[in-house]
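Notes follow the structure.
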Amino acid sequence: MAVSFRTTRVAFSHTMCHTVNMRQKRAYRYRCYPTATQAAVLARTFGCARFVYNWALRLRTDAYYERQERVSYADTSAALTTLKQQPDTTWLNAVSSVPTQQALRHLDTAFRNFFEGRAKYPNFHKKRGKQAAEYTTSAFRWNAATRTLILAKMTTPLHIHWSRPLSNGAAPTTVTISRDTAGRYFVNILLEEEIALLPETSGQVGIDLGLHDMVVLDSGEKVGNPRFFQVDDRKLAKAQRRLAKKQRGSKNRDKARRKVARIHARIADRRRDFTHKLSTRIIRENQTICVESLRVKAMGKHPTLAKAIHDVGWGEFVRQLEYKATWYGRTLVSIDKWYPSSKRCHACGHVLDSLTLDIRHWTCPECGSIHDRDVNAAKNILAAGLAVSACGEAVRPGRVRPTTAGFREAGIPRP
């Protein structure tokens, strides 16, 4: 019986190990509690930054659609100077000029991401959404010895809850103050520092992502899916029903809106804490981490599994693995999304014609091996990732049977 091979293209992002510490940008996020006076200053700053962002977005949009002109950041910056001199908008001078100028830079970055295909067209910022203001070094005073932060237009330092220490001699380059929809204030302190690399280890891991178990390792370990949204689903639905019945513009409606926002914040905080702890543990224990690439955005449109897919947080988990691998000198390999990791036997390389989601265990028709679907996928991901790391992008993953179904699933014509 003839055995055929085909070369499987494995697309990957490779984070190489470093032998020396490298200076990296790192943000520290803390909860802060402004006084009533400071909260009033921040509210004005948030409003001015939001107004300038929306004004510049309208300016650039109208210039292109009405006159086919492209407006640059320098043009909006010059127009902002003129805007502040107008009688109707002199109130923009009541806040620091840095956050409003940074709003223009953020808009310019949003347009650059749009033109380069990384994001959609910029949206207008809403008053009820998350509010933020960014301060550069000229707009705040930082005392490293006493750990005090005084922002522009303020006379007293912010009360910050230092939940974790900053690095010695920290010199912040940017400070961002934000207020979420639940009314909580946070300060993000951006530093450029040397992050100590983790000791090298011989650990290697293949990771399969799923819904029943969020993470399945090639060793057979399964990390369950906490389903944070599903836990608070009924509580959230009840709070949203009460919000819908409140009169618009009333204080009771604002209280109900804050309650809904607090439930959402609790869900997001718990999910973020879980993924950070899990990703940090995997980075510490393994030198090479191999993961599968999932089209989370496309999968999120599934008619019945969309809520569960968004709840599990695959994209955020992989994002954390990527930047932590860069920080700590680990190697991260992402396997191509069309690689048949679940229906390929890791023992002999045989590939099934099809494997539906309801089948969690299957027996290889060639070698007779009994496979757990997810563990088998994790082992295949590890093998393909190691082959990529050693040989480059084009690898031979093993014995396979080329079928029409495989090309049909990939959405490409069979050669």
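Data overview
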quantity	calculated
Answer residue from region 145-172, given it is β-branched (Val, Ile, Thr) and exposed (fewer than 13 other Cβ atoms within 10 Å of the Cβ) and is modelled with the lowest pLDDT among those	Thr146
Count of region 86-105 residues which are surrounded by fewer than 16 Cβ atoms within 10 Å (Cβ to Cβ) and closer than 17 Å to Thr176 by Cα	1
First in region 74-102 and assigned by TED's automatic domain parsing to the domain that holds Ala152, second anywhere and of a type in the set (Val, Ile, Thr) and assigned to a helix (DSSP H, G or I), Cβ under 6 Å, 6 or more apart	Leu83/Thr89; Val95/Thr45; Pro99/Thr45; Thr100/Val52
Residues located in region 295-339, provided they are under 20 Å from Asp232 (Cα atoms) and touching a strand residue (DSSP E or B) at 6+ places or on another chain (Cβ under 7 Å)	Val312, Trp314
Phe274 within 28 Å of Leu382 (Cα to Cα) and in contact with a Pro (Cβ under 9 Å, 6 or more places away or on another chain)	yes
Lone qualifier among Thr304, Thr288 - being among the hydroxyl-bearing types (Ser, Thr, Tyr) and more than 20 Å from Tyr339 (Cβ to Cβ)	Thr304
Region 135-147 residues that are in contact (Cβ under 8 Å) with a residue 40 or more places away in the chain, paired with ones that are not aliphatic (A, V, I, L, M) (beta carbon under 6 Å, 6 or more apart)	Ala139/Ser96
Options Arg128, Arg67; residue that is among the basic types (Lys, Arg) and more than 15 Å from Gly47 (Cβ to Cβ)	Arg67
Of the criteria (1) within 30 Å of Arg23 (Cβ to Cβ); (2) in a loop (DSSP other than H, G, I, E, B); (3) of a type in the set (A, V, I, L, M), which one Ile150 fails	(2)
Residue that is part of a loop (DSSP other than H, G, I, E, B), surrounded by 13 or more Cβ atoms within 10 Å (Cβ to Cβ), without any contact (Cβ under 8 Å) to a residue 60 or more places away in the chain and not assigned by TED's automatic domain parsing to the domain that holds Arg128, where the choices are Pro303, Pro226	Pro226
Counted residues, region 284-300 - those being over 17 Å from the mean Cα position of the chain (by Cα) and either under 17 Å from Ala377 (Cβ atoms) or not in a loop (DSSP other than H, G, I, E, B) (or both)	5
Flag if Asp62 is more than 25 Å from Ala261 (Cβ to Cβ) and either free of Cβ contacts under 8 Å to residues at least 12 places away in the same chain or of a type in the set (S, T, N, Q) (or both)	yes
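The values are calculated or read from the model by the stated rules, or taken from the named source; none is laboratory data. Only a predicted model underlies this, so the values are computations on that prediction, with no experimental measurement involved. Don't worry about glycine lacking a Cβ; one is built from the backbone with ideal geometry, like all the others, and counts go over all protein chains shown.
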